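Contents: one structure, followed by commentary.
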Amino acid sequence: MSAIDQYKHRLLGFIECPSTFDFVSNCRNRAIGIYELLENIPIEEKDFDGKIGDIILGGGSGEAPAFRISIPMAIYFFTKDGWDDFNNYEELFKTFWNPTESYILCEGFSKLGWRTNTPIEIWLAENICLLINAHIESYSSFKSISKSKSMLSFLK
């Protein structure tokens, strides 16, 4: 059971992280779930945080380490020129992985187009926003604004 299974959520789909290394111990699975939170996460939770409507990549312990994207703030950040109604990037997106997990995930995402001259958090958040807005109707506001295409794709 993953940490996210304790909370109300909706699975939006899976993406692949083609890392050479296992991000879940002794598991060759390279699929990572993308979830929409349907409840606020209590402050005691250690694997991720978030509020209703936020996006979580990875389910925390028992699954891939988590990455939170705050909705709608992250979408505003990527779509509204000059929008800066935040104090720090962790308000927009936040990783919950340790350095080793970061290496494993970044090695995989580098095969999908991530480069070290862009912070992985920005690249990943933007590509997830592009992906969900192109494929999930309830997030379609980004689609009409951006002509960019995600470097990520949902697994079939």
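For Ile71, the residues 5 or more places off, or on other chains, whose built amide H falls under 5 Å of its own are Asp54, Ile55.
Can you tell me the length gained on complete extension of the stretch Ser148 to Asp81, counting 0.36 nm per residue apart and subtracting the Cα distance?
22.6 nm
The 1.4 Å probe gives accessible areas that order His9, His135, largest first, as His135, His9. Across all Cα atoms of the range 1-106, the radius of gyration (one decimal) and Dmax (whole number) stand at 14.1, 44 Å. For the chain, the number of Lys pairs separated by eight or more positions or lying on different chains, with C-alpha atoms closer than 18 Å, is 8. Distance between the modelled labels on Lys156 and Leu11, one decimal in nanometres: 1.9 nm (7 Å Cα→Cβ projection). Between Met73 and Ala31, residue separation times 0.36 nm minus the direct Cα-Cα distance comes to 12.5 nm.
Karplus-derived 3J(HN,Hα) values for the range 118-126, using 6.51 cos²θ - 1.76 cosθ + 1.60 with θ = phi - 60°, are 10, x, 4, 4, 5, 4, 5, 4, 5 Hz; glycine and proline are entered as x. Computed extension length for Thr20-Ile136: 38.8 nm, one decimal, from 0.36 nm per residue of separation with the Cα-Cα distance subtracted.
Geometric descriptor of the range 64-120, per residue, is 107 Å³ (volume of the convex hull of the Cα atoms).
Quick one: compute the contact order of the range 42-156, relative version, from alpha carbon pairs under 8 angstrom and 6+ residues apart, as a percent.
Averaging sequence separation for qualifying contacts and normalising by length gives 19 percent for the range 42-156.
Estimated purely from DSSP H runs of n ≥ 4, each contributing -39500 (n - 2.57), the mean residue ellipticity at 222 nm for the chain is -7500 deg cm²/dmol once divided by its residues.
With every protein chain in place and a 1.4 angstrom probe, the accessible-area ranking of Arg28, Arg68, Arg115, largest first, reads Arg28, Arg115, Arg68.
In whole percent, how big is the carbon plus sulfur part of the accessible area of the chain, probe 1.4 Å, protein atoms only?
Exposed carbon and sulfur together represent 51 percent of the surface.
Take every Cα pair under 8 Å whose residues are at least 6 apart in sequence, average their separation, divide by the length of the range 32-89, and the relative contact order is 26 percent.
The values are calculated or read from the model by the stated rules, or taken from the named source; none is laboratory data. The model shown is predicted, which means the values in this text are computed figures rather than measured ones. With ideal geometry, Cβ positions are generated from the backbone for all residues, glycine too; neighbour counts draw on all protein chains shown. Remember, those area values only see protein heavy atoms, side chains included, never the ligands or the DNA or RNA. Shrake-Rupley method; radii C 1.70, N 1.55, O 1.52, S 1.80 Å.
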